[in-house]
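Got a structure here, written out as structure tokens. Questions coming.
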Amino acid sequence: MEVRFFKKSERQLLLDSIDRLWRHDHIYVRNPAVLEHLVLNTPYRAEFAGEDNYSFVGMWDDDGKVIGLQGIIPQRFNVFGEECCSSTGTVWYVDKTSRSKLNKPIDGLKMSEFAYSSKRKLFHRGGPSAGCSFGLSEISYQISEAYGAYMTRDLPRWIGIVDKDSVMKYLLPESTPPIILPEVHPIDYNEALKVRVDEFEQTGWDAFYHKVVAPKTIGTQRDYRFLKWRYIDSPVLKYRFVTVHNDADKYVGLAIFRREPIFGGKFSLGRIVEFICFQAEASIVLASAMLKTYPDVIAWDFYCLSGITAFGLEAVGFRRIPIWMDQVMMPTRFQPVDYEHMKINGQVSLSDNIRRKVEQMTEIPWYITRGDSDQDRAN
């Protein structure tokens with residue numbers, strides 16, 4: 001048995017293996033640019049996996065056949081302003097036909113052990129580390145839980161409704177009226193705060209992030225390098241940026257979101273992937289300006305592991321949907337609309353030196369969204 005990274009020269013083998021083992025006609029196979037955005041073009045891929053490799057691990061049997069896959073997206077993690085290494089995943093699978101010879105969970109872990117072996121110490125630098133992933137299979141969930149990760153069966157979701165009738169008819173067809181839905185409306189705001197749309201630059205953002213955002217939060221490091229790769233350089237999806245600036249023209253808030261057509265383009269949703277602001281008035285300005293960018297969508301949503309930045313969203317009408325409120329559980333997947341999947345599970349794993357800091361807190365200020373993993377991508 002051999003476990004190693006796929007080489008860049010093995011691109012077709014990787015695509016064929018995903019198609020054969022993971023899912024036939026998956027978006028990674030139909031549009032390899034989506035896969036390569038995650039495991040080739042990431043800012044830390046070469047440092048993690050080597051210049052000549054994808055950050056995608058394979059397992060080969062003794063006959064030279066690929067029987068296991070694990071895609072890894074190396075990142076940086078922030079813990080109250082301190083940086084450490086991190087990663088998330090995109091595929092983790094061992095061939096079903098090999099299960100008579102292999103122990104699937106154990107051999108899946110062999111791929112993980114390889115990826116974080118001593119050869120990768122250049123990336124980890126022997127220091128603290130973290131990881132997060134969402135949309136886990138049940139077996140991946142159980143393994144993560146056994147290893148002591150922070151687990152969620154239901155990643156918190158904020159929803160804002162614009163067109164109640166269309167949402168009731170098409171996204172909540174099993175619900176019985178009357179239902180109270182969180183309707184959103186922009187609020188007129190102080191024009192002393194400047195709003196910019198689709199203008200985003202490195203120097204000002206990094207200064208704001210490291211001085212204001214990072215010391216208050218725990219989550220993937222959202223410096224310009226990460227946000228540019230994750231959203232601006234996305235090969236398929238078009239993300240919009242709204243920023244708010246004070247009278248000194250310094251950043252005080254950022255929202256990143258996209259329009260997602262549903263039902264063949266008959267309607268659209270607003271999918272928020274980042275909402276970052278720590279000033280009350282600026283946060284309301286940010287939420288209102290975002291709503292005005294796409295006034296024709298029928299609903300908006302935002303996933304985040306905590307409500308640390310949700311003040312402005314809630315001020316314009318968004319509400320976090322509690323796990324018991326089944327009547328307003330909208331689908332999470334829309335291409336096509338999947339009424340069976342209403343929640344996103346996930347895990348956050350922390351090395352002991354980070355965990356000790358976190359365990360002392362009664363409420364953990366996570367800033368971890370769908371954008372931290374592969375959950376917001378083309379399907």
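Taking the Cα centroid of segment 20-77 and of segment 322-375, what is the distance between the two, rounded to the nearest whole Å?
With segment 20-77 and segment 322-375 each reduced to a Cα centre, they are spaced 24 Å.
Each residue of segment 129-137 in order: what ³J(HN,Hα) in whole Hz does its phi give by Karplus 6.51 cos²θ - 1.76 cosθ + 1.60, θ = phi - 60°, with x for Gly and Pro?
With the stated coefficients, segment 129-137 comes to 8, 8, x, 8, 7, 9, x, 7, 5 Hz.
Return the FRET efficiency for the residue pair GLU138, MET168: r is the Cβ-Cβ distance, R0 is 22 Å, and the value is rounded to the nearest 0.05.
After rounding to 0.05, the efficiency reads 0.10.
Sort segment 262-313 into rounded, prolate or oblate with this rule: let a ≥ b ≥ c be the square roots of the eigenvalues of the Cα gyration tensor; rounded if a/c is under 1.5, and if a/c is not under 1.5, prolate when a/b is larger than b/c, oblate otherwise.
Since a/c reaches 1.5 but b/c is at least a/b, the shape of segment 262-313 is classed as oblate.
Under a point spin-label approximation (7 Å from Cα along Cα-to-Cβ), what is the ALA146-ILE179 distance to one decimal in nm?
3.8
Taking a label point 7 Å from the Cα of ASN31 along the Cα→Cβ vector, which residues of segment 323-346 have an amide N closer than 15 Å to it?
334-336
Could you give each residue of segment 7-23 its phi-based ³J(HN,Hα) in whole Hz, using Karplus coefficients 6.51, -1.76, 1.60 with θ = phi - 60°, and x for Gly or Pro?
Values, residue by residue: 7, 4, 6, 9, 4, 5, 4, 4, 5, 5, 5, 4, 5, 7, 9, 8, 7 Hz.
With a 1.4 Å probe and all protein chains in place, put LYS7, LYS228 in order of accessible area, largest first.
Output order, biggest surface exposure first: LYS7, LYS228.
While we're looking at this one, here's another question. Heavy atoms only, probe 1.4 Å: what % of the accessible area of the chain goes to carbon and sulfur, would you let me know?
It is 49 percent, rounded to a whole number.
Calculated FRET efficiency, ASP233 and ARG11, Cβ-Cβ r, R0 22 Å, to nearest 0.05?
0.70
Ordered by residue, what ³J(HN,Hα) values in Hz, to whole numbers, does segment 54-66 give under the Karplus form 6.51 cos²θ - 1.76 cosθ + 1.60, where θ = phi - 60° and Gly and Pro are x?
3J(HN,Hα) across segment 54-66, in whole Hz: 6, 7, 9, 8, x, 10, 10, 7, 5, 8, x, 9, 6.
Quick one: accessible area per residue over segment 157-305, 1.4 Å probe, rounded to a whole number of Å²?
The answer is 42 Å² per residue.
The values are calculated or read from the model by the stated rules, or taken from the named source; none is laboratory data. If you're wondering where the values come from, they're calculated on a predicted model, not measured in any experiment. Reconstructed Cβ throughout: ideal geometry from the backbone, glycine too, with neighbour counts over all protein chains shown. All accessible areas refer to the heavy atoms of the entire protein, side chains included, with ligands and DNA or RNA removed. Shrake-Rupley method; radii C 1.70, N 1.55, O 1.52, S 1.80 Å.
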